1. Please specify each residue of the range 56-77 satisfying the condition of being surrounded by 16 or more Cβ atoms within 10 Å (Cβ to Cβ) and among the β-branched types (Val, Ile, Thr).
2. If you go through the range 110-150, how many residues are within 23 Å of Lys183 (Cβ to Cβ) and out of contact with any helix residue (DSSP H, G or I) (no Cβ under 9 Å at 6 or more places or on another chain)?
3. May I ask you to verify whether Val281 is out of contact with any Cys (no Cβ under 7 Å at 6 or more places or on another chain), crowded, with 19+ Cβ neighbours inside 10 Å, touching a residue at least 60 places away in the same chain (Cβ under 8 Å) and within 26 Å of Gly51 (Cβ to Cβ)?
4. Go over the candidates Ile250, Ile264, Ile291, Ile273 one by one and state the one that is under 15 Å from the mean Cα position of the chain (by Cα) and of a type in the set (A, V, I, L, M).
5. So in the range 516-525, with the set limited to residues that are surrounded by fewer than 17 Cβ atoms within 10 Å (Cβ to Cβ) and either in contact (Cβ under 8 Å) with a residue 12 or more places away in the chain or not aliphatic (A, V, I, L, M) (or both), which one is farthest from Ile481 (Cα to Cα)?
6. For the range 392-409, name all the residues that are part of a loop (DSSP other than H, G, I, E, B) and surrounded by 23 or more Cβ atoms within 10 Å (Cβ to Cβ).
7. Name the residue that is farthest from the chain's Cα centre (by Cα), counting only residues in the range 80-93 that are under 27 Å from Arg10 (Cβ atoms), at pLDDT below 85 and assigned to a loop (DSSP other than H, G, I, E, B).
8. Taking the residues in the range 320-353 that are without any contact (Cβ under 8 Å) to a residue 40 or more places away in the chain and polar (S, T, N, Q) as candidates, determine which candidate is surrounded by the most Cβ atoms within 10 Å (Cβ to Cβ).
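The values are calculated or read from the model by the stated rules, or taken from the named source; none is laboratory data. This structure is a prediction, so every number in the text was calculated from the model and none was measured. All Cβ positions, even for glycine, are placed from backbone atoms using ideal geometry, and neighbour counts span all protein chains on display.
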Amino acid sequence: MIDLNNVSMRFRLANDRIMSLKEYVVKKISGKLEYKEFVALNDVSFSIEKGEVVGIIGSNGAGKSTLLKIISGILAPTQGKVKVTGTIAPMLELGAGFDIDLTARENVFLNGAVLGHSKQYLTEKYNEIVEFSELQQFMDVPIRNFSSGMIMRLAFSIATLVNPDILIVDEILSVGDAHFQRKSSQRMQELMDGGTTVILVSHSLEQIRQMCTRVIWLDRGNLKMIGDTDEVCDAYINAINGISQEDSKILNSFRGKLYTPTAIAKFGKEYFIVDCWHHRVIYTSNLAEPINKWRAFRGDFTNPHSIATDGEVYLVEDTENDSVKVFRRRGTTFIETQVIKQIGRQPNKLVYDSNTKRFYGIAASSQQVFVLKNINGEVKVEKVIKLEYLENAYVRSINIIDDHMYIVSGPGKIMVANYIDLSFDLVREYKVPFELQGMNDLAKIGSFYYMSVYQNGAGDIAPKLIRAKDLDELETEFEDIYDQLGLNGVPYYFSVIEDRIFLTEIDSYSSIRSFKLIDDNIYDIVVHYDIGVADESSLKRRNSRFA
């Protein structure tokens, strides 16, 4: 949709200050007019596909605005070729394309014509534009009397409500009150979901990270870097902080590894890994693909643990920030659309139950179960309840087994509760021996209950992986399969993907492995990712969120 090949832009700047046309003519004729050349862009090449949301970052004077004007057709490059397919709505400068002596009503048609739209089309869209801008009572007022926020509302409404193929935005989303910023962000989301290609320039890296699928970094007119949003943004921040590009590569090498991958799942044709201590969720359609080829969710987490979906929205807990983040698919990526708070301290496990069409989660440090429901695209909190029978135990996991919720492990016990009626009343409990009291997860697979263990009853790290047929006899009878699976670290969450049981390994050693069951016997153990002990880049990535 957009192709730039070896594009350069040079400006000639006069060395002397010329005060009049006469002075200019005299110096020009006498050959005393001197110029210096300013290179705004130097040999820039890249392509943007339809539906992509691409961010452009760089310090002041990097060439960002010049680049946008070239793509918009406002400037012609001094060298190179630019090819753009589709209609463009450029929002480059507040009020550009407006006549301040005309009314807002007249400027709708003037600005719309500048964007290439017919009078008939603008007449059809007029009421929609006015309604979105919330300027109904000011449409017959000359815009010279408008505030900058009112001009921004009108410009944004015209540019986005005519459904352009390409929308170019230069910092304009940061203008206006909080209400309109939320409204404009929602409209941007609708455009992006509808396939509009968006190029966004912003000094807000948080905004770039949340909205963009790729990022271009310009430095003094040169294309410094282009690629994955987080990778480019991290390299840019490192450069600002004086970290060399070579050191930046070392710091960013964590992207090819896992550090405490707490969960793996498959939804549709894609695999998802929650890479907890790297603070990210990654995904791919090919499980054999190297980790550095997996793509990352566009969002910011601190120690996520699990992911759940109803097929429309994808929920991930942001554990250290006491919240759950909601994501939606946009093209080939996933974009954060909602943050849910006030659900307890340190949410640690999410599950989706297709029977009740609800999400359930456990807040590990406050012993609260929370219930979330997707209602017409918005995830709402249906219930939050503190389970007094958990006492003050740190609880890492819940699972739905045989129409009941299993909670592991409470105060030395596995708790079983009614969840369908939202009462969460305790219906039974199973005592857990001292060495298994710090459980991570419990799943029923075949004839056995499988349990992963982090700590013993004293809080000492003492990893185990066990299975038992009868939870009533768990205190005296269980099978230890830790060595059989060749584990080195702490086993964490189980998941069943097609005909295999997957297990994540965390903490002192990171890996993901799977196995098959035939008549409850374990066969065909496969190590999918054997990352081992965390290196310097992973340790720094983990600690950077708490610096």
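1. In the first step, residues of the range 56-77 are kept if they are surrounded by 16 or more Cβ atoms within 10 Å (Cβ to Cβ); the result is 56-58, 62-72, 75, 77.
Correct list: Ile56, Ile57, Thr66, Ile70, Ile71.
2. 5
3. Values: out of contact with any Cys (no Cβ under 7 Å at 6 or more places or on another chain): yes; crowded, with 19+ Cβ neighbours inside 10 Å: yes; touching a residue at least 60 places away in the same chain (Cβ under 8 Å): no; within 26 Å of Gly51 (Cβ to Cβ): yes.
Considered against the rule, which asks whether it is out of contact with any Cys (no Cβ under 7 Å at 6 or more places or on another chain), crowded, with 19+ Cβ neighbours inside 10 Å, touching a residue at least 60 places away in the same chain (Cβ under 8 Å) and within 26 Å of Gly51 (Cβ to Cβ), Val281 comes out as no.
4. On the way: Ile250 fails: under 15 Å from the mean Cα position of the chain (by Cα); Ile264 fails: under 15 Å from the mean Cα position of the chain (by Cα); Ile291 fails: under 15 Å from the mean Cα position of the chain (by Cα).
So the residue among Ile250, Ile264, Ile291, Ile273 that is under 15 Å from the mean Cα position of the chain (by Cα) and of a type in the set (A, V, I, L, M) is Ile273.
5. Kept after step one, since they are surrounded by fewer than 17 Cβ atoms within 10 Å (Cβ to Cβ), are these residues of the range 516-525: 516, 518-525.
Those still in the list that are either in contact (Cβ under 8 Å) with a residue 12 or more places away in the chain or not aliphatic (A, V, I, L, M) (or both) too: 516, 519-525.
On the way: Lys516: 14, Asp519: 16, Asp520: 13, Asn521: 11, Ile522: 9, Tyr523: 12, Asp524: 14, Ile525: 12 Å.
Result: Asp519.
6. First, the residues of the range 392-409 that are part of a loop (DSSP other than H, G, I, E, B): 392-396, 402-403, 409.
Across the range 392-409, the qualifying residues are Val395, Arg396, Ser409.
7. Step one: list which residues in the range 80-93 are under 27 Å from Arg10 (Cβ atoms), which gives 80-85, 88, 90-93.
So of that shortlist, the ones also at pLDDT below 85 come out as 88, 90-93.
In the following step, the residues that additionally are assigned to a loop (DSSP other than H, G, I, E, B) were identified as 92-93.
Details: Leu92: 26, Glu93: 28 Å.
The qualifying residue farthest from the chain's Cα centre (by Cα) is Glu93.
8. Gln346
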